[in-house]
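What follows draws every value from the coordinates through simple rules; no lab data is involved. Bear in mind that the values here come from a model prediction, so they are computed numbers and not experimental data. With ideal geometry, Cβ positions are generated from the backbone for all residues, glycine too; neighbour counts draw on all protein chains shown.
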């Protein structure tokens, strides 16, 4: 019997006062046309902190000291279809400190980059990210979230 697997990912909510940095997804095959925070899969042999730092650098061109990544929540989610690719553990971080000016670094994967107030996010936002951002806005975000499970 094959062992159960999950796909780990790191998300970073860059904050400037009450604003968050959002990217408009394009040409990725997943949630294209939706707004999202910088994020990506953790690679084999890489820590989630290193992945968060790498993804932010790759997507928006800024350097983050891992010590400046503040954990927000961990989300264990499922698509409920039994496919390994839809079994996820997402680690959400926030930071208000970075070096450089955010800019779109992957024009082939993003059609936009902008700062939005937490109470005026663009539409649509990737649903599981919208849920976390609403928790950031209200200050009501549990440390661990399970989404899509029936138990």
Gaussian network model of the chain, Cα springs within a sub-10 Å range: biggest mean-square fluctuation belongs to which of 95, 73, 28?
28
Grab the alpha carbons of region 1-90, take their convex hull, and tell me the volume per residue in Å³.
129
Per-selection Rg to Rh, the chain - Cα, Kirkwood hydrodynamic radius:
0.95
Taking 8 Å as the Cα distance limit and 6 or more residues as the minimum spacing, I'd like the relative contact order of region 74-115 as a percentage.
28
Sequence of 145, 64 once ranked by neighbouring C-beta atoms within 10 Å, starting from the fewest
145, 64
Between the helical axis of 48-60 and the dominant principal axis of the chain, each derived from Cα atoms, what acute angle in degrees is found, rounded to the nearest 10?
50
What is the calculated FRET efficiency for residue 101 to residue 138, with r their C-beta to C-beta distance and R₀ = 41 Å, to the nearest 0.05?
0.90
Tell me whether region 1-46 comes out rounded, prolate or oblate; compute the Cα gyration tensor, take square roots of the eigenvalues as a ≥ b ≥ c, and use a/c under 1.5 as the rounded threshold.
oblate
Cut-off 10 angstrom, C-alpha nodes, Gaussian network model of the chain. Which of 106, 58, 83 fluctuates the most?
83
Using only DSSP helix segments of four residues or longer, with each worth -39500 (n - 2.57), what per-residue ellipticity at 222 nm results for the chain after dividing by its residue count and rounding to 500?
-5000 deg cm²/dmol
Can you sort 2, 55 from fewest to most other Cβ atoms within 10 Å of each residue's own Cβ?
2, 55
Suppose a student asked you for the relative contact order of the chain, using Cα pairs under 8 Å spaced at least 6 residues apart; what percent would you report?
32
Note on region 1-44: contact order normalised by length, alpha-carbon pairs under 8 Å, 6 or more apart, percent, works out to 43
Quick one: angle between helix 127-138 and the longest Cα principal axis of the chain, in degrees between 0 and 90, rounded to 10, please.
60
Report the Rg/Rh value for region 101-151, based on alpha-carbon coordinates and the Kirkwood definition of Rh.
1.06
Which length gain, in nm to one decimal place, applies between residue 118 and residue 50 when the Cα-Cα distance is subtracted from 0.36 nm times their residue separation?
21.9 nm
Neighbour-count ranking [beta-carbon atoms within 10 angstrom, fewest first] of 116, 34, 11
116, 34, 11
